[in-house]
Structures are given as C-alpha cells and as structure tokens.
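Below is one structure, written out as structure tokens; the observations come after it.
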Amino acid sequence: MIGKLLIANRGEIACRIVRTAREMGIETVAVYSDADAKALHVRTADEAVHIGPSPAAESYLVGEKIISAAKQTGAEAIHPGYGFLSENAAFAQAVIDAGLLWVGPKPSSIDAMGLKDAAKKLMREAGVPVTPGYEGEDQSVERLKKEADAIGYPVLIKAVAGGGGKGMRKVDAAADFEAALESCRREAKASFSNDEVLLEKWITSPRHIEVQVFGDSHGNVVHLFERDCSLQRRHQKVIEEAPAPGMDEATREEICAAAVRAAKAVDYEGAGTIEFIADASEGLRADRIFFMEMNTRLQVEHPVTEEITGVDLVEWQLRVASGEPIPCKQEDLEINGWAMEARLYAEDPAKGFLPSTGRLDHLDLGEIGRVETGVEEGDAISPFYDPMVAKLVAWGETRDAAIDELDEMTAGVEIWPVRTNAGFLNRAINDPDFVLANLDTSFIGERLDSLIPEDDADEELWRTAAAFTLMANDEGEEQVGAFRLNAEPQHSVALAHGGETQRVAPDGSLADATGFVDQERVVVFEDGSAYEFALTSRGTGHHSAADGAILAPMPGKVIAVDVSEGQAVTAGQRLMVLEAMKMEHALTAPFDGTVTELSAETGAQVQVEAVLAVVEPDEE
C-alpha cells in the first residue's frame, strides 16, 4: 500500500482525497501556488510544497514542479484529482518514468480516449453504440458539407479534441453549415491547438447519461451504475443524480454492459466514466443511447455514485494503484436509494453568472447532507481558478426524499459578501418539471429567466431586515438567526436597498429567513439568496446606482480609470475598466453629468458593490 501520497490538485477535491488517505493511514502532501498559500487543502494535508505563482499555467499545470515536489518529500505516488493534469498522458508517463505510482489509468488508455474521433472508431469496434455521424480523415469543407447533408439536419459539429462545450456548434440548415464550421474550427484551434472536427446527428430531447466504471491491473472491470447529468448550463453540469430517473433494469443492464466493454477495449485501470447521449423523446431505451466520450479520471460528480453504492471511489483508486484487485465483484454492487449533487459556485446569476471572488466573511453551509468543500469562513475565492465553493450532496430512500434534502441544503446556504448560485439551484430543484423528472439538456436554458432569483427584495424581506436589526440592537449581538416576530413592533429602522431608502417597521408577516447585522448592513438569507440592506440610520453614507453611484458589479481589479473628479461626462461614456476572472468589464456613466466623487485607482482591488465613483446629473 502507498505510504505517502502527493495530491496534484487544489480545492475541494484535494481535501476529499486527504480525508480518505488519512482514513487509510496514508500520509499526504499538498502542493500550492501563491494564491493558495493559506488554502484549506494546504492546512489539512500533512505536508505542503510551494510550486509557483498564482496562475495555473505557472504552478498546477507544470508537471516538472509537481514531480520534483513528490521526490523532495518522499511521496511514492501522485493523485491528480480532476482537471489540471488529470487527463494528460504525457504527465502520467513522466510520473511513471520518475519511478512514482500514478493514481489513474495507463497513459495509453488516456491517449486512446483523448480524441473524440479515434475514440468513437474504437468504441464502434468494441460493440458500443455510437451516435450516427462522420469521423473521417478528410477534413475538407466540401467533404464535411457532403457528410452533413447525408446525416440530415440538424447536425452537431464537434472539435475532436474538445471539452467543456468548446468547439461545438449546432447547425440547423445546410445554408448555415460553412459559417458554423469556420467558427467551430477557429475556437477549437484557439482552445486545443487542433482544428479537426467530427460530425454527429443532433439528438432530439437529449439526456446526458454516464456510467461509472472501474478497472484494475488484474483484468477486472466493473461498473457502479449510471448517473444523470442532464441539468447543464452552457454544457457545464449543474445538478447530477444517481440513478438516472426513468431507467428500467433492462436498459440499465445493456448500457452498463456497453460501458464495461468500452473500458476493456482500452485495458482500463482505475476510475473512469463512459458518457452517453440519450434520445429521450420516447423515454430511455437502449437502442437510443449512444457513446459520446470517456473521461479517464475521477469525475466531479463521483459522490452521488458513492452515496448509492456505499463505495469510496478514492479508496478504490489508491488500492488499485498499489496493485490490489478491485475490492468487490460486480454481483456485490447494488443501488441503494437516490443521491443528488448541486454545484455551488461563487457567481452571480442576476448578472449573467459573472464570477464573484473575494473573502468569505460569512459562510454557513448547514449541517445536513454531505458537503464537499475546499474553503472555510475567512478563506477567499480566488480569481485564478474555478469558482466552486462546494458540492452539496443529498441522499434519500427515494428521488423525492433526495430532492427534499437538497432543497433544504440549497435553501440554507449563507455566504457573504461573495455572491453564489444557491438561489438558482434551489429554484431549479423545485421546478415542477424537475420534480417530475421531465428532463433533458435544454432544461435550464429554456427556463433560465424563471430560475434566476429576483435581485430586488419584496416587502416581507424589508420587514424581516428591520426585525433583524431591531433584534440585534435589543440583544447587543451582531449575529442573528431565523425567527418570527409575533409581538406588535415598537420601533422602525431606516434601510436602503436597490436604490431605495425606507423607514421600515417589522409590522406584518416576515420571511422564513436567517441573517446577520453588523455596523453597516443587515444581510438576509432566504432560499439560498442573499439580500443586503444598508443601515442608513447609522450614517453610512450609502450610495446606490439609482443616485449616480458607480458600483463594482463583482470583486476585481481596477485596470483603467478614464476620468477625473470634476470632469463632465455623457451617458454611456466609459469611466473605468474592472478585471475579474480574466474578463474585462467597462463601467459607464448612467446619464449626462459630472463626476463628483472618484475613489477608484488603477491597480486597486475592490469588493462587490464598492462605490467607485459618483456622477451627479446635469440640471435640467
């Protein structure tokens, strides 16, 4: 068995691996960049090694630094987690060449599944159902157009080296094909340095079904049943569940057997996932479920499989990498209950899901269900990496019971001042069609407006904010919890929210909410959403966009200031530029006027809703 393990990753998956390794008596080594010097995975591992600057390209993606850290600390094995170098065959080979154990599949298996066209050919030969399409070597526009016409529209153009939704275009008509092909190739070239594509028949009512497989070095391969990952936004998974709703035993047996054949075709070892696209227009049927790709690593959503099977997949990975056989046989595995996972991200749905970075001054993820996270209160969400805060995992004896638990988990999220998608998740799982399992990959896109919580607070929330404030004043405490005020209110409080200021008494019904009060604000949490009310009666000098204040839409860095105090500006004129998560956001004047206040400075880091400038309107 491995004695010391280096984890070539960060965040929640690094913490997850540390936990299992510790239970197995394995010492752990974390690696970290400048941005992660005080991160939770660094604090929880037995040792930690600094590997470079904050950008991943200069730290977590530099294989030589990671292998050097393993040798420096005496680690015998490297676990790549997911993302970063987890599916990099060259890195896997370098680890093996360095005399270390690679906790993952053989480099040849990674290579075999690395390009979608080659993988589809291999799967067809192995008897795995494959989506009708074209994966030929002739990449001329003329040949691709001819094949698309033969397949029939709509068709899907996919980069052979693609992933994460990049290099994909749906084409509805022959007249649109060449323009879509050019766009797809351009994106594929920029993202993967490979502009080759394949074509697939567009699937009606598509559902994303995947099967967890596991192999060892003794020739054994088993499956751990299927997951449904159909709830996606822009091809990124949002909510996953296991088993797949509507999957009958006969279909399950066929599709899982096909997944095992796929794994055996590449002599697979370790944890992997065979991803299928299902035409669910007439329900789930084996003859309408087609191979899409294989992920040669542990998946983000692996906890739902663990919850329904009772298996620790990370433990299996470590045992198999140490040369042991898979701990149980196929007939020993069975489905118990239902599990769901929601990905909690630091992003603001009300602002186009813009990433929200910064310090987690207030963080409470509740005490029910399974929470996989890489942060604690006081930690920060960095602009350099994926903005995941946590994975919220619920289990129940039935699908309805799992929904109820996930509903409670998402509704109970309390995070401030970083914005999250908790309210969006809560609305998604309470949508009547989700409850009835009427799902396909267009589910979120078709309901996006209704799933995004209102940014403005209703009257009940105003009253609740006032009640929290008065309660804090009475008790001399800053942190307050959920309550309902039954007595007649004796006081009122002046609050500001969304550009509006009111003097409010908690007279009437209150929200079933929680919150906290500090010297400047009261924050109310309801159904996963956070609402901030400024305490204007405490003389905070609150500004809002409605009075000409230019507020930071997210935490970020000011990279340009185009105006000076006292300068006249016109409506729409650029005032400054804010950079966050490698994206630039121009802030403009809301109307003709004069810049009367300017607090933004080039190079400064600012928090969400910080007042960067104030524009006074011209007199009419």
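Read-outs: derived from the displayed coordinates by stated rules, not from any lab. The model shown is predicted, which means the values in this text are computed figures rather than measured ones. So basically every Cβ, Gly included, is an ideal-geometry build from the backbone, and we count neighbours across all protein chains shown.
Each of GLU584 and ASN220 was given a label point 7 Å from its Cα along the Cα-to-Cβ line. The distance between the two points is 5.7 nm. Pairs from the list LYS120/LYS329; LYS120/LYS201; LYS146/LYS237 with a Cα-Cα gap above 24 Å: LYS120/LYS329; LYS146/LYS237. For the chain, the longest principal axis of the alpha carbon atoms and the long axis of helix 177-192 meet at an angle near 90°. Fully extending the segment from GLU520 to THR602 would add 26.9 nm, taking 0.36 nm per residue of separation and subtracting the current Cα-Cα distance.
Bridging of LYS71 to lysines at a Cα separation below 17 Å is possible for LYS4, once same-chain residues fewer than 8 apart are set aside. Straight-line reach from LYS189: taking Cα to Cα under 20 Å and skipping same-chain neighbours fewer than 8 places apart, the lysines in range are LYS116, LYS145, LYS158, LYS166, LYS170, LYS582.
On the beta carbon distance between TYR153 and ASP97, with R0 = 60 Å, the FRET formula returns roughly 0.80. Hey, for a label at ASP449 modelled as a point 7 Å past Cα toward Cβ, could you say which residues of region 414-442 have their backbone N under 13 Å away? Inside the label zone: nothing. Whole-Hz Karplus values for region 86-92 come out as 5, 10, 9, 4, 5, 5, 4 Hz, taken residue by residue from phi with 6.51 cos²θ - 1.76 cosθ + 1.60 and θ = phi - 60°; glycine and proline positions read x. Counting neighbouring beta carbons within 10 Å and listing from fewest to most, the residues LEU551, LEU344 come out as LEU551, LEU344. Taking label positions 7 Å along the Cα-Cβ direction at both SER442 and SER68, the computed distance is 5.2 nm, reported to one decimal. Helix 459-475 against the longest principal axis of the chain: what's the angle in degrees, Cα atoms only, rounded to the nearest 10? Tilt of helix 459-475: around 70 degrees.
For ILE550, the amide hydrogen comes within under 5 Å of the amide hydrogens of LEU612, ALA613, VAL614, VAL615, counting only partners 5 or more places away or on other chains and with H modelled in the peptide plane. In order along region 515-524, the phi-based Karplus estimate (6.51 cos²θ - 1.76 cosθ + 1.60, θ = phi - 60°) of 3J(HN,Hα) comes to x, 8, 10, 10, 6, 10, 8, 10, 10, 10 Hz; Gly and Pro are listed as x. The calculated FRET efficiency for ALA118 paired with ARG234, based on their beta-carbon distance and R0 = 30 Å, is about 0.70.
The amide H of GLY52, built 1.01 Å from its N in the peptide plane, has ASP34 as neighbours under 5 Å, considering only residues 5 or more places off or on other chains. In the chain, the longest principal axis of the Cα atoms and the axis of helix 11-23 are about 60 degrees apart. Panel order for LYS38, LYS166, by other beta carbons found within 10 Å of each beta carbon, from fewest to most: LYS38, LYS166. For region 344-453, a/c is not less than 1.5, where a ≥ b ≥ c are the root eigenvalues of the C-alpha gyration tensor, and a/b does not top b/c. That puts it in the oblate class. Taking amide hydrogens as placed 1.01 Å from N in the peptide plane, the amide H of GLU226 sits under 5 Å from those of ALA244, each at least 5 positions away in sequence or on another chain. Given R0 = 22 Å, the distance between the Cβ atoms of ASN336 and MET1 translates into a calculated FRET efficiency of 0.20. The HN-Hα couplings worked out from phi for region 40-49 by the Karplus form 6.51 cos²θ - 1.76 cosθ + 1.60 (θ = phi - 60°) are 4, 5, 6, 6, 8, 6, 6, 9, 8, 10 Hz, whole numbers, x standing for Gly and Pro.
Measuring nothing but how far apart in sequence close Cα pairs (under 8 Å, 6+ apart) lie, relative to its length, the chain scores a relative contact order of 10 percent. Sorted ascending by nearby beta carbons within 10 Å, beginning with the fewest, ILE452, ILE308 become ILE452, ILE308. Expressed in Å, the radius of gyration and Dmax of the Cα atoms of the chain are 26.3, 83. Going 7 Å from the Cα of ALA401 along its beta-carbon direction, which residues of region 230-261 have the amide nitrogen within less than 14 Å of the resulting point? Counting backbone N atoms under 14 Å from the label point, the list is 243. Bridging of LYS38 to lysines at a Cα separation below 18 Å is possible for none of them, once same-chain residues fewer than 8 apart are set aside.
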